[in-house]
Amino acid sequence: MTDKRLVYADNAATTQLSFEVLTEMMPYMTEHYGNPSSLYSFSASAKEAIETARQKVADCLGATAKEIYFTSGGSESDNWAIKSMAKKGAKRGKKHIISSVFEHHAVLHSLDALKKEGFEVTLLPVYENGIVKPEDLENAIREDTCLVTIMFANNEIGTIQPIAELGEICKKHGVVFHTDAVQAVGNVPIDLSTLPVDMLSL
């Protein structure tokens, strides 16, 4: 009789909830479940918990609490960042966006939707090492570029992009830089007080 073991290799997408997180969350699922946006006293503990969590996330990332926004997940975060900055750029006559060919579908589908609204999208290649070359980004930036969005760490092959270098190029040209860091946060050190990133999804 063979030993049947389950080998779960999709933790980058969905991971079993850790006991520590479950323990931390239980009071807010059973006792302190008030609407944190309401004014009644029962909601106060829920609001306080959210603001404490916001500060903890900010401290981990080298950000400020007011810079942290909670969404339903990585895909919504990518969508919100990309579409909001695209629309802001369009108001200034800038409708060109740069990304890479192997972004997550959350990014690529957002870009496809924006193309239907008249945006032009340039997808940079990745090479045999799975990396976007900074010089390709430099060459692709135009006067009407409003946004660059490049993932931090790839969800399928694990390559880590030269985010600091790509961010410096964007900064030099005055272009907003977004990174999908869903697979990076918690796996590689990230300090937004020094990293030249304008928006980060996690």
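The values are calculated or read from the model by the stated rules, or taken from the named source; none is laboratory data. All of these numbers come straight from a predicted model, not from anything done at the bench. Positions of Cβ are backbone-derived with ideal geometry, glycine not excepted, and every protein chain shown enters the neighbour counts. In case anyone asks, the SASA skips ligands and DNA or RNA and just uses the protein heavy atoms, side chains included. Shrake-Rupley method; radii C 1.70, N 1.55, O 1.52, S 1.80 Å.
By its C-alpha gyration tensor, with a ≥ b ≥ c as the square roots of the eigenvalues, how is the chain shaped: rounded for a/c under 1.5, else prolate for a/b larger than b/c, else oblate? Oblate, because a/c is 1.5 or more while a/b does not exceed b/c.
Considering only alpha-carbon pairs that sit under 8 angstrom and 6 or more positions apart, the relative contact order computed for the chain is 19 percent. Qualifying trypsin sites (Lys or Arg not before Pro) in segment 112-191, where qualification requires a DSSP coil assignment and no more than 14 other C-beta atoms within 10 Å, comprise Lys116, Arg142. Remark on Gly62: its backbone amide H falls under 5 Å from those of Leu192, a criterion applied only to residues 5 or more positions apart or on other chains, H modelled at 1.01 Å from N. For segment 9-50, applying the loop criterion from DSSP together with a ceiling of 14 other beta carbons within 10 Å to the chymotrypsin sites (Phe, Trp or Tyr not before Pro) yields Tyr33, Tyr40. Dipole magnitude for segment 62-202: about 680 debye, using +1 per Lys or Arg Cβ and -1 per Asp or Glu Cβ, origin at the Cα centre. Reported to the nearest whole Å, the Cα centre-to-centre distance from segment 50-100 to segment 125-202 is 14. Charged neighbours of Ala53, selected by a Cβ distance under 12 Å, balance to -1 (K, R count +1; D, E count -1). Surface composition of segment 7-157: carbon and sulfur make up 55 percent of the accessible area, probe 1.4 Å.
Here segment 57-108 is treated as a sphere whose radius is the Kirkwood value from Cα pairs; by Stokes-Einstein at 4 °C and 1.567 mPa s it diffuses with a coefficient of 101 µm²/s. Note on Lys171: lysines with a C-alpha under 26 Å away, same-chain residues under 8 apart excluded, are Lys66, Lys83, Lys87, Lys88, Lys91, Lys94, Lys95, Lys115, Lys133. Size descriptor for segment 1-120, Kirkwood hydrodynamic radius: 18.3 Å (Cα pairs only, one decimal).
A DSSP coil position with no more than 14 other Cβ atoms inside 10 Å describes the following trypsin sites (Lys or Arg not before Pro) in segment 39-103: Lys91, Arg92. Positive-end ranking of Thr14, Cys146, Pro134 along the dipole of the chain, with charges on Cβ about the Cα centre, is headed by Cys146.
Write down the accessible area per residue of the chain in Å², having rolled a 1.4 Å probe over the full set of protein chains.
Value returned for the chain: 62 Å² of accessible area per residue.
Rounded to the nearest 10 degrees, the angle from helix 163-173 to the longest Cα principal axis of the chain is 50 degrees.
Rounded, prolate or oblate, given the Cα gyration tensor of segment 8-72, with a/c below 1.5 counting as rounded? The shape class here is oblate.
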